[in-house]
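Notes for the one structure printed next.
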Amino acid sequence: MALVHTEDRDGVRIITLDNPPVNSLSFALSGEFYPIVEAASADESIRAVVIKGANRQFSAGADINDFATEPTPETKTVRDVIAAIERSDKIFVAAIEKNALGGGLELALACDYRVATADTKLGLPEIKLGLLPGAGGTQRLPRAIGAQDALDMMLKGRNVKSDEATAKGLLDEVVDSPEHLLDAALKIANAAPLGKRRISQRRVELGKGISAQAAAFVVSQAHKMVPAEDAGGLAAHKLIDAVEASVELPFAYGLAREARLFEELARSAPSFALRHVFFAERELSKIPGLPAAEPLPIAKAAVIGAGTMGTGIAITFAQAGIPVVVIDSNDAAVEKAKQTVFGMFMYQVQKGRMTQEEAWKLGQSIQFTEEYGELADADVVVEAVFESMDVKKEVFAKVDAIAKPSCVLASNTSTLDIDAMASVTKRPERFLGLHFFVPANIMPLLEIVRGKATSPQTLATAFKLGKTLRKTAVLSTNAFGFIGNRMVFDYAKAAGELAEWGVSPMRVDKVAKKFGFPMGPFAMGDLSGIDVAWHIAKARPDVARGKTNVIDRLVEMKRLGQKTMAGYFKYDKSVGKGREPIADPEVEALFAEEAMKAGIAPRTVDDREILERLAFALINRGAFLLEEGVALRPGDIDIVYVYGYGFPPHHGGPMWYADEVGVKHVYERVVAFGWEPAPLLKALAEKNGTFANYKQGELIHA
Ligand code: 3HC
């Protein structure tokens, strides 16, 4: 099947890109596209060319899979196609629908005119893949919209909709419906009011109020605003260099600089890691062996419990356009929840993200009640009450009796047994876990927990719901702590062990932050609550308890974390609004005292070992979870950690990082640390294997 089609209409050649699903500009497509452009340019019967996409969209850019392939001298890329357009004397018009991203927008920018449908997204999101736009984007976008605006758009990887793109001067015309797109493009092609209009021939405007003299300052400031090269900022620095070249160098030289920087990035470890994250995310909902099932429609939701979690979940539903009823009989909790909802939507209004009316409407779509009867017509019920099996069972027995038969019941528990809860209902096949992360309306991760009896249709419904709620959903089996928390217990224990040897919590956190985590393990413990960790450690000491009684002592001292302004650290309202950890010698002394009681001698540990202990604790547990089938794929674990726990995406997630540093090395260190190595880690190390090449079920019990 051809990837590019052509059709001539009265001297206009229409070129259609047809590479489903997103018309990626792969090497293969460019191989067909390039000679078509050359032929059109040489054809005297052709006055103009319209480029459009099949599959109801223009193009999502270069094929990300191609970056791992070495092109041969014969390979054509989108860069070659664009160069051919640039050389041509014909008029080129881009007819853009739905997506013009990355190389897709770069292709459109090489055309003389651009017309788009109203719902089109345009952007250069390459930075999210650890790349920079490598087909002229860093040179043409500054010429089209000004250097500062272009830099901002590319550094954030921000897409703009057609209206904003028009205001920026990126589009010549917007049509109200896809049916009118081709006609509008043909009209421009035939009339070409301004003749050829190569963006490459424009001068770069710097931006409002920036003089040429100030440009160097703007560039040096930009370098300071982005993370260091070794802390996830490599692509950002190169991108700034490329935009600087657009300002300082003639177009052709800027283009050559861009190409060189792009090739460097395409081979860089952070870009490989980010591309892994991109594809791992798209694998998540593909469940091997799961029969296809039609998801059930979700038009109304109910949340049981108006605490922090329940409120966050209710806001999430409302923001996704699903009306929700929150059931709670505690007046004080409901009052607080109402204030949270109100505050949240008002904040959005203040930020200009929605109007007063929209906020009011959203607020109205969350109803509070104490009547369970109100959930009778809900399509999904999410329980978010106190973490007690007895309480949850009682709630579900009640819910099951009232909810309609097709209603899906979900628990937001973070550790309790989903099957035990399902057993009190008459619909275990419609039961599962939906584990949101705090704050539920902000955190992008959702763990979908599959019980023994959860049906394929219920799972399909949960994945669809995850998408509607704009969450990244990962499947876990019903195991203690599921994927994320099960691993975080090992991570927290590793951190605790370091502190017991006399490494200060602040130093441990600093090492984690230097690696790229937004906060270290102790600050994270303070944020989620020492009492929460203490309850879990009490329930499952085998899994979640360290070697000393530090946690019990902290709870006794009412040092419960940020909420009590003291935990592993101190907090002060005047320092970082009470959220900035302040080292507390009292806690360091407590660790020393409890370590002595437990017979643990102090020792010195270097930063490398600190990082290895934290990261390898995650990897080792991840390997256990893979082998036990709790997580389906190494990539699923990576996504849980990147989206739920702030693992630096430029390291790809813990399992990807294991490959980066070498599985064998990880295994040897795990053994040297005296931890029980996962059999899968050992087996992979012995075979010099990688997690990237691991397939589900392989090497199990090797
Ligand atoms: N290359 C290869 N595959 C791509 C792709 C791309 N650029 N964009 C999307 N896909 C694939 C996805 O992997 C997925 O495959 P699957 O069905 O086998 O899982 C399929 O297309 C559909 O993608 P989504 O599931 O993400 O579909 P959505 O409708 O939710 O989103 C999208 C569509 C907004 C286009 C989103 O896929 C996206 O953001 N894509 C990436 C865009 C991008 O980063 N472009 C820049 C590429 S790099 C570049 O152009 C370099 C140039 O400067 C030289």
Legend entry - Centroid-to-centroid separation of the stretch 275-307 and the stretch 1-25 [C-alpha atoms, Å]: 34 Å
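Could you tell me whether the stretch 202-256 comes out rounded, prolate or oblate from its Cα gyration tensor? Rule is a ≥ b ≥ c as square roots of the eigenvalues, rounded for a/c under 1.5, then prolate if a/b exceeds b/c, otherwise oblate. List each step's numbers first, then the result.
Numbers: a/c = 3.01, a/b = 1.37, b/c = 2.21.
Oblate.
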Inset, instruction - Sort out for me the Cα centre separation of the stretch 583-617 from the stretch 126-180, rounded to whole Å. - result: 50 Å
Inset, instruction - Kindly express, to the nearest 10 degrees and within the range 0 to 90, the angle between helix 530-539's C-alpha long axis and the longest C-alpha principal axis of the chain. - result: 60 degrees
Inset, instruction - Would you work out the charge dipole size for the chain about its Cα centre, treating the Cβ of every Lys and Arg as +1 and the Cβ of every Asp and Glu as -1, and quote it to the nearest 20 debye? - result: 620 debye
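In the chain, what percentage of the DSSP-assigned beta bridges are antiparallel, given to the nearest 5? Mind showing how you got there, number by number?
Values: 17 of 65 bridges.
If I count the DSSP bridges inside the chain, around 25 percent turn out antiparallel.
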Inset, instruction - Sort the stretch 4-266 into rounded, prolate or oblate with this rule: let a ≥ b ≥ c be the square roots of the eigenvalues of the Cα gyration tensor; rounded if a/c is under 1.5, and if a/c is not under 1.5, prolate when a/b is larger than b/c, oblate otherwise. - result: prolate
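Among the listed pairs Lys300/Lys464; Lys300/Lys404; Lys98/Lys286; Lys563/Lys597; Lys493/Lys558, which are separated by more than 19 Å between their Cα atoms?
Details: Lys300/Lys464 14 Å; Lys300/Lys404 12 Å; Lys98/Lys286 25 Å; Lys563/Lys597 29 Å; Lys493/Lys558 21 Å.
Result: Lys98/Lys286; Lys563/Lys597; Lys493/Lys558 exceed 19 Å.
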Inset, instruction - Give me the distance between the Cα centres of the stretch 672-693 and the stretch 416-435, rounded to whole Å. - result: 34 Å
Inset, instruction - Let me have the relative contact order for the stretch 608-686, percent, based on Cα pairs under 8 Å that are six or more residues apart. - result: 33 percent
Legend entry - Scattering profile of the chain at q = 0.06 Å⁻¹ [log10 I(q)/I(0), Debye over alpha-carbon scatterers]: -0.41
Inset, instruction - Report, in degrees rounded to the nearest 10, the 0 to 90 angle that the Cα long axis of helix 663-672 makes with the longest principal axis of the chain. - result: 20 degrees
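How high is the relative contact order of the stretch 282-408, given as a whole-number percent (alpha carbon pairs under 8 Å, six or more residues apart)? Spell out each step's value before the answer.
Values: 169 pairs, mean separation 38.7, N = 127.
In percent, rounded to a whole number, it is 30.
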Inset, instruction - Of the listed pairs Lys338/Lys577; Lys52/Lys351; Lys121/Lys361, which have alpha-carbon separations greater than 30 Å here? - result: Lys52/Lys351
Inset, instruction - Tell me the label-point distance for the pair Asp419, Thr369, using the 7 Å Cα-to-Cβ offset, in nm and rounded to one decimal. - result: 3.5 nm
Inset, instruction - Quick one: compute the contact order of the chain, relative version, from alpha carbon pairs under 8 angstrom and 6+ residues apart, as a percent. - result: 9 percent
Inset, instruction - Using only the Cα atoms of the stretch 485-605, build the gyration tensor, take square roots of its eigenvalues as a ≥ b ≥ c, and label the shape rounded, prolate or oblate: rounded if a/c is under 1.5, else prolate if a/b is larger than b/c, else oblate. - result: rounded
Legend entry - Dipole of the chain, positive direction: furthest Cα of Ala537, Ile82, Ala589, with charges on the beta-carbon: Ala589
Legend entry - More than 18 Å apart - percent of Cα-Cα pairs taken over the stretch 532-584: 38 percent
Inset, instruction - Could you point to the residue in Val640, Val115, Ile442 farthest towards the positive end of the chain's charge dipole, with +1 and -1 charges on the Cβ of Lys/Arg and Asp/Glu respectively? - result: Ile442
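Based on DSSP, what percent of beta bridges with both residues in the stretch 4-266 are antiparallel, to the nearest 5? Write out the running numbers ahead of the final one.
Working: 8 of 31 bridges.
Of those bridges, close to 25 percent are antiparallel.
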Inset, instruction - Treating the angle as unsigned and between 0 and 90°, give the value, to the nearest 10°, between the Cα long axis of helix 251-266 and the longest Cα principal axis of the chain. - result: 30 degrees
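Which value in deg cm²/dmol, rounded to the nearest 500, describes the helix-derived mean residue ellipticity at 222 nm for the chain, given -39,500 (n - 2.57) per DSSP H run of n ≥ 4 and division by the residue count? Don't skip to the answer; put the middle values down first.
On the way: 29 runs with 329 residues, N = 702.
Calculated mean residue ellipticity at 222 nm is -14500 deg cm²/dmol.
Since every read-out is calculated from the coordinates, none of them should be taken as a lab result. Treat the numbers as computed from the prediction; the structure is a model and nothing was measured. Cβ atoms come from the backbone with ideal geometry, glycine included; neighbour counts cover every protein chain shown.
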